[in-house]
1. Run the helix sum for the chain: -39,500 (n - 2.57) per DSSP H stretch of 4+ residues, divided by residue count, reported at 222 nm to the nearest 500 deg cm²/dmol.
2. When ILE126, ILE6 are ordered from fewest to most other Cβ atoms inside 10 Å of their Cβ, what list results?
3. Which shape class applies to region 1-53: rounded if a/c is under 1.5, otherwise prolate when a/b exceeds b/c and oblate if not, where a ≥ b ≥ c are the square roots of the Cα gyration tensor eigenvalues?
4. Along Cα→Cβ, 7 Å out, is where each label goes; now give me the distance between the ones at LYS116 and SER21 in nm to one decimal.
5. Can you run the Rg to Rh ratio on the chain? Use alpha carbon positions and the Kirkwood inverse-distance Rh.
6. Rounded, prolate or oblate: pick one for region 30-106, where a ≥ b ≥ c are the square roots of the eigenvalues of its C-alpha gyration tensor, a/c under 1.5 means rounded, and failing that, prolate if a/b is larger than b/c, else oblate.
7. Going through region 49-132, which trypsin sites (Lys or Arg not before Pro) have at most 13 other Cβ atoms within 10 Å and a DSSP loop state?
8. What residue among LEU16, LEU53, LEU66 has the largest mean-square fluctuation in a Gaussian network model of the chain, using Cα springs under 10 Å?
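Read-outs: derived from the displayed coordinates by stated rules, not from any lab. Only a predicted model underlies this, so the values are computations on that prediction, with no experimental measurement involved. Cβ placement follows ideal geometry from the backbone for every residue including glycine, while neighbour counts extend to all protein chains displayed.
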Amino acid sequence: MNVLFIEDDMIETMKLQRAISKFDSRHKITEAKNGEEALEILRQGNLPDIILLDLNMPRMSGTEFLTKLKADDRLKYLPTIILTTSENRVDLLRCFEIGIAGYIIKPLKYEDYESKLKKVFDYWEISELIKA
Ligand SMILES: [Mg+2]
């Protein structure tokens, strides 16, 4: 799959790359450090199969990005999955209100993170995807 990964924390990006490198299937990960950068990438026309989105980021938060994505007729169909440490119910409700395809809370233990991420990827691999 082509995955757009939006995350400001370098350590988190390395963690995701490390986990994905162990999966059987190959995935292409495009990284964006914040919502602004992600919108730029998307508006250049390279649409991913899914988006993995962090919530707490400088400049443009995850929910701000999500709102802009949903307001764009070409981008609003892209399945967006929140990947966060926030267990805040307000965040959860707000994201589902705007429109997300899933809300995953990152476990602290790396092994748990890896197995949870694997399930997310396995799920989206059997799902019908919006072909760009
Ligand atoms: Mg963050």
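1. Theoretical 222 nm ellipticity from helices: -13000 deg cm²/dmol.
2. The most exposed by this proxy come first: ILE126, ILE6.
3. Taking the square roots of the gyration eigenvalues as a ≥ b ≥ c, region 1-53 is oblate.
4. The answer from the label model is 2.2 nm.
5. Ratio of gyration radius to Kirkwood radius for the chain: 0.92.
6. It comes out prolate by the Cα gyration axes.
7. ARG59, ARG74, LYS76, LYS109, LYS131
8. Looking only at LEU16, LEU53, LEU66, the largest GNM fluctuation is found for LEU16.
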